[in-house]
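**Student:** Quick one: the structure is below, and I'll ask about it shortly.
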Amino acid sequence: MGGRWIDVWEPEDETFWREKGERIAQRNLVFSVFSEHIGFSVWSLWSVMVLFMGPQYGIDPAGKFFLIATATFVGALIRIPYTFAVARFGGRNWTIFSALLLLLPTGFAYAVMEPGTSYSTFVLVAALTGVGGGNFASSMTNINAFFPLRKKGWALGLNAGGGNIGVPVVQLVGLLVIGTAGALHPRIVLGVYLPLIIAAAVCSALFMDNLTPVKNDTGAVREALGARHTWIMAFLYVGTFGSFIGYSFAFGLVLQTQFGRTPLQAASLTFIGPLLGSLIRPLGGSLADKHGGARITLGTFAAMAAATGVVVYASLAESLAVFLVGFIALFVLSGLGNGSTYKMIPAIFLAQGHRKGLSGDTAEAYGRRLSGASMGLIGAVGALGGLGINLAFRQSFQTVGSGTGAFVAFLAFYAACMAVTWAVYLRRPPVVPDTAESAEEPENRPGYAKV
């Protein structure tokens, strides 16, 4: 077990947290965000590369959507092993390795990004960029272990939001390259990221720590797999994070294909939505800490349904201005929902522990075990929502020549998410009270974890 290991970690102990834990946790959070940020940028490379792929590449819009979908799919699946790697190798050690692994897809993309390269080669390289999507799962699992429950919404929101910003940042780099060097020089984008990847690995080695108490708990994994709340939250996370990553990857290509924007015009707009959605994610976690994640999540899905209605209208009316308003609102709302849904996970399993008759440290330990085991599964399924969005766009453009059909399907899905959130987590009597017999309102019950 090489590297820096901390043998005792008790974040729920207020004295430990105040005197030692908070400083260490915040330091690890900062460099976790940096590494995850670069991972997201690499994962979303093809949302930028397709803007450089003019007619000389011989790839139609459906083929470009498939490249994006391939990266999304691999990034979603790889989140599962990345989740368990933290406990196996240590959060610091795995962050170093996973950062250096990003050199592989970036280097291969640098080598092949030119006209004349076969489409199958592009598909393979797009699949390799999926490793960047795995960094989110390992980072969230690691940071979840560092912070006490009362701080998890803020910490996880900040960690995820800082990582998510990697999407608009790489798109801004693409805009800068297109605006200065032109659309014939995609390798400049890739060349920018190669030294940043090395910097992320070096910073992780110098400033992060491993937690010895964090262990892979196969019993917790089996219990999480069998827990209905794991799959309910995965479904809701499809609606929030799946929307964010799917729209982030597809936005520029939709603007080019449906509204005839040039690469420069598309790149000048593409980054705005992902940037706002990333910045607001910590606010979603903070609001969930104060008011309950289920309430914030329900309101978010209702607003996303309304914004999707605006986008459908704009698509039918062929109004770019209205389309941009509705689409950017979807980014902001999905970012808000990302923060609130992830906050719900530890609170739900803590409340389940109370329901089983556990209390105090025992209930908190149960909540940490189950939430840690479920996060990778929830994150992986949620990211598959991005695959669904890109495949829906691909099919919609193939059949009707626009994204309208895809947006109608998304509207129906958000309505289903609203219904599930209300029925499972807000309807009275609640599904996850701390005692089945208590007739008090749940917020007034001792030990209640606000979901």
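**Student:** Please verify whether Gly367 is at pLDDT 90 or above and either over 16 Å from the mean Cα position of the chain (by Cα) or under 26 Å from Ala317 (Cα atoms) (or both), treating the condition exactly as stated.
**Tutor:** So Gly367 fails the test.
**Student:** Here's something else I'd like to know. Can you tell which of Ala62, Ala127, Ala109 is farther than 19 Å from Ala380 by Cα, surrounded by fewer than 22 Cβ atoms within 10 Å (Cβ to Cβ), small (Gly, Ala, Ser) and in contact with a helix residue (DSSP H, G or I) (Cβ under 7 Å, 6 or more places away or on another chain)?
**Tutor:** Of Ala62, Ala127, Ala109, the one residue that is farther than 19 Å from Ala380 by Cα, surrounded by fewer than 22 Cβ atoms within 10 Å (Cβ to Cβ), small (Gly, Ala, Ser) and in contact with a helix residue (DSSP H, G or I) (Cβ under 7 Å, 6 or more places away or on another chain) is Ala62.
**Student:** Which residue is nearest to Val170 (Cα to Cα), if the candidates are limited to region 258-267 and must be open to solvent by 50 Å² or more (accessible area, probe 1.4 Å) and part of a helix (DSSP H, G or I)?
**Tutor:** Applying the filter and picking the extreme gives Leu264.
**Student:** Identify, from the list Ala373, Ala365, the residue that is out of contact with any strand residue (DSSP E or B) (no Cβ under 8 Å at 6 or more places or on another chain) and surrounded by 22 or more Cβ atoms within 10 Å (Cβ to Cβ).
**Tutor:** Just a single option satisfies the conditions, and that option is Ala373.
**Student:** Would you please list the contacts, defined by Cβ atoms under 6 Å and residues six or more apart or on different chains, that run from a residue in region 73-91 that is within 26 Å of Arg4 (Cβ to Cβ) to a residue that is among the hydroxyl-bearing types (Ser, Thr, Tyr) and open to solvent by less than 50 Å² (accessible area, probe 1.4 Å)?
**Tutor:** Tyr82/Ser138; Thr83/Thr141; Ala85/Ser138; Val86/Ser138; Val86/Thr141
**Student:** Restricting to region 8-34, name every residue that is under 28 Å from the mean Cα position of the chain (by Cα) and under 15 Å from Arg150 (Cα atoms).
**Tutor:** Correct list: Glu10, Pro11, Glu12, Trp17, Gly21, Glu22, Ala25, Gln26.
**Student:** Return the residues of region 32-73 that are within 22 Å of Gly388 (Cβ to Cβ) and of a type outside the set (A, V, I, L, M, F, W, C); say none if nothing qualifies.
**Tutor:** If the condition is that a residue be within 22 Å of Gly388 (Cβ to Cβ) and of a type outside the set (A, V, I, L, M, F, W, C), then Gly39, Ser44, Ser47, Asp60, Pro61, Gly63, Lys64, Thr70, Thr72 are the ones that fit.
**Student:** Here are some residues: Ala321, Ala351. Which one is within 26 Å of Asn159 (Cβ to Cβ) and more than 22 Å from the chain's Cα centre (by Cα)?
**Tutor:** From the options Ala321, Ala351, the qualifying one is Ala351.
**Student:** Would you check which residues across region 76-91 are open to solvent by less than 30 Å² (accessible area, probe 1.4 Å) and more than 19 Å from the chain's Cα centre (by Cα) and list them?
**Tutor:** Hits for region 76-91 are Ala87, Gly90.
**Student:** Residues of region 161-210 being over 14 Å from Met49 (Cα atoms) and outside any helix (DSSP H, G or I), which ones?
**Tutor:** Ile165, Ala181, Met208, Asp209, Asn210 - these are the residues of region 161-210 that are over 14 Å from Met49 (Cα atoms) and outside any helix (DSSP H, G or I).
**Student:** Quick one: in region 378-400, of everything that is in contact (Cβ under 8 Å) with a residue 40 or more places away in the chain and open to solvent by 20 Å² or more (accessible area, probe 1.4 Å), which residue is farthest from Leu255 (Cα to Cα)?
**Tutor:** Val381
**Student:** Listed residues Ser315, Ser278; which is farther than 20 Å from Ala69 by Cβ, modelled with pLDDT under 90, among the polar types (S, T, N, Q) and open to solvent by less than 40 Å² (accessible area, probe 1.4 Å)?
**Tutor:** Residue meeting the stated conditions: Ser278.
**Student:** In addition: Go over the candidates Thr300, Thr308, Thr341 one by one and state the one that is more than 17 Å from the chain's Cα centre (by Cα) and assigned to a helix (DSSP H, G or I).
**Tutor:** Thr308
**Student:** Just for region 74-95: of the residues that are of a type in the set (S, T, N, Q) and at pLDDT 90 or above, which one is nearest to Leu384 (Cα to Cα)?
**Tutor:** Here the residue is Thr95.
The values are calculated or read from the model by the stated rules, or taken from the named source; none is laboratory data. Since the structure is predicted, the reported quantities are computational estimates derived from the model, not experimental observations. Note: ideal-geometry Cβ built from the backbone for every residue, glycine included; neighbour counts use all protein chains shown. Accessible surface is based on the protein model in full, side chains and every heavy atom, while ligands, DNA and RNA are left aside. Shrake-Rupley method; radii C 1.70, N 1.55, O 1.52, S 1.80 Å.
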